[in-house]
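The values are calculated or read from the model by the stated rules, or taken from the named source; none is laboratory data. All of these numbers come straight from a predicted model, not from anything done at the bench. Counting neighbours? That spans all protein chains shown, and the Cβs are built from the backbone with ideal geometry, glycine included.
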Amino acid sequence: MHEVDLLITNAIIITMDKKNSIIGNLDNTRGFISIVDGHITDIGSMDDCHYIGAKTIDAKGNILMPGFVNTHSHLIAALGRGMGDESFVNVSGKASERFPNKLRQFMNEETCYVASKLALYEMQMSGVTTTVDSQIALRGKEDNFNGTITAMHESGIRAIVMRSSVNRTDFFEPQYHDDIHTAQNETDRLLKSMPSSRIELGIEGMALHRLEVGLLEGLISLAQRNNLLFGMHISYSEDAARNSYDRFNTSLLEYLDSIGAFNGKFIGYHPVWLNTKELLIARNKNIGFAYCPVDNMLIGTGTVNLKSLKQTKVGLGLDQPNDGHNFFELMKYAILVQRTNPATFDYGDPLLALQLATIQGAQAIHKKDIIGSLEKNKAADCIILDAQSSELHPISGLISNIVLSGNPGIINDVIVEGEHIIKDKVHQKWNEADIIQDVNRTIKHHIEVDFQDAFELKK
């Protein structure tokens, strides 16, 4: 018998490997995984288990599977939940596009920490073990990232924090606009100050219509020099897609290809309005996509055609928190919206949804070799589902039940790199009541103090 750091036994294991293998069944056949230094060293049937664990988790016939990979989010926007669905705020007589964008300029390190805690807590309780977060960099408010990164570290999640640049916008006053000098200095600072290997830095040009060309090209170069993920909001609406034609007389992906954006790791959020040439580029270049079906429906900008994205790297993203952080809901709508169109009906498969949520999500953020499936040598990022939950029965259609009937309530455990984050449905790091109290205290302060001088609030 060999001793390992952690041994998970007696599980029905959905591996999400190339064969979509499932180890174990309801006929008392069970599987195990062994973990050393946060990575899987072996996986198989209990009959082949020859290990003892310094720590053992008896899954008791429950379902073990990879944790969900959230390819796109805005953590600090959780503080503005419920305020971004209509333009009810006027600033000097001009309606804001979405309330959270104005909220950000009043946030500081503490409020970013509080907001990020709320979002991360909900994600983890929904089975998310990895998230990619987009946070706009406001010049003079560099410490805001410290709050978000601290929350990430405390939560135990695996994360990529995308430092998102804007310098062509009326979202914020010009003094907040980013520049390449600041971006370079802050990249250096953040790279040196990351608190753990689970948290990485990425570089983002927020969106083409929010950036001058010089800054965009500088950011791409900065990301590639440091081997960092580069991200952009791409064709989330017709107007956003048209902006590239108006400025450069070509589509966005063609333009980005011409300036070398795909020579490194790239992820594009919202591949809704892509043309034929762009789809061809996506299949042949190092491009990942974040498909955010619930948010796309919320803002009414169109639907991703999954069939057109075949042979590309695409995962699922929660995006804005107005629609919550329910990853089961995200999987469900990701495929149901495909079934509303006869041309894409065959891309409404529950197995595809689970692949998008796990292994394909890992591929989209260029981490397929590390996460996304339960296989030897990969990180032990996994979740345990309660097989006794009524939503999973009758269990003859296990994958379908998880995707179409599942909800965060069926999650018993969340494990990241071998660390128990949620145990028996209880978060081991944070208390929900404390998070709620802090969030409400913070937003009350903003409304009563900060907004009084800057906003005209409608009653």
Exercise. Does the stretch 341-353 include one or more residues that are under 29 Å from K60 (Cβ atoms) and surrounded by fewer than 17 Cβ atoms within 10 Å (Cβ to Cβ)?
Worked result: yes
Exercise. Counting just the residues of the stretch 164-214 that are of a type in the set (V, I, T) and more than 24 Å from the chain's Cα centre (by Cα), which one comes out modelled with the lowest pLDDT?
Worked result: T169
Exercise. So which residues in the stretch 307-341 are touching a Pro at 6+ places or on another chain (Cβ under 6 Å) and within 21 Å of H366 (Cβ to Cβ)?
Worked result: A334
Exercise. Given the structure, is L280 under 24 Å from Q338 (Cβ atoms), within 21 Å of the chain's Cα centre (by Cα) and surrounded by fewer than 17 Cβ atoms within 10 Å (Cβ to Cβ)?
Worked result: no
Problem set entry | Listing of strands (runs of 3 or more DSSP E) fully contained in the stretch 30-85 that carry 3 or more residues being touching a residue at least 40 places away in the same chain (Cβ under 8 Å) and crowded, with 23+ Cβ neighbours inside 10 Å | 63-66, 68-73
Exercise. Taking only pairs six or more apart or across chains, which ones have beta-carbon atoms under 7 Å, a first residue in the stretch 287-310 that is in the same structural domain as F345 (by TED's automatic domain parsing) and at negative phi, and a second residue that is polar (S, T, N, Q) and surrounded by fewer than 17 Cβ atoms within 10 Å (Cβ to Cβ)?
Worked result: N296/T303
For this session: Kindly list the number of the only condition in (1) at pLDDT 95 or above; (2) surrounded by 24 or more Cβ atoms within 10 Å (Cβ to Cβ); (3) in contact with a Ser or Thr (Cβ under 6 Å, 6 or more places away or on another chain); (4) of a type outside the set (S, T, N, Q) that fails for I136.
Result: (1)
For this session: Out of A151, A159, report the one residue that is touching a residue at least 40 places away in the same chain (Cβ under 8 Å), of a type outside the set (S, T, N, Q), part of a helix (DSSP H, G or I) and touching a helix residue (DSSP H, G or I) at 6+ places or on another chain (Cβ under 9 Å).
Result: A151
Exercise. Could you say whether any residue in the stretch 313-322 is under 16 Å from F289 (Cβ atoms), β-branched (V, I, T) and at pLDDT below 95?
Worked result: no
For this session: Among the residues of the stretch 162-198, write down those that are hydrophobic (A, V, I, L, M, F, W, C), touching a residue at least 40 places away in the same chain (Cβ under 8 Å), within 30 Å of V128 (Cβ to Cβ) and not in a strand (DSSP E or B).
Result: V166, F171, F172, A183, L190, M194
Exercise. Among the residues of the stretch 339-390, how many are aliphatic (A, V, I, L, M) and free of Cβ contacts under 8 Å to residues at least 40 places away in the same chain?
Worked result: 2
Problem set entry | Residue satisfying condition, being among the hydrophobic types (A, V, I, L, M, F, W, C), closer than 22 Å to K313 by Cα, under 22 Å from the mean Cα position of the chain (by Cα) and modelled with pLDDT under 90, within set A223, A240 | A240
For this session: Considering only the stretch 1-25, state which residues are loosely packed, with under 15 Cβ neighbours inside 10 Å and over 30 Å from G315 (Cα atoms).
Result: M1, H2, E3
Exercise. Would a scan of the stretch 391-414 turn up a residue that is small (G, A, S) and at pLDDT below 95?
Worked result: yes
For this session: Can you confirm whether the stretch 205-223 contains a residue that is of a type in the set (D, E), closer than 28 Å to D413 by Cα and in contact (Cβ under 8 Å) with a residue 40 or more places away in the chain?
Result: no
Exercise. Hey, does the stretch 297-312 have a residue that's under 28 Å from I410 (Cα atoms) and touching an Asp or Glu at 6+ places or on another chain (Cβ under 9 Å)?
Worked result: yes
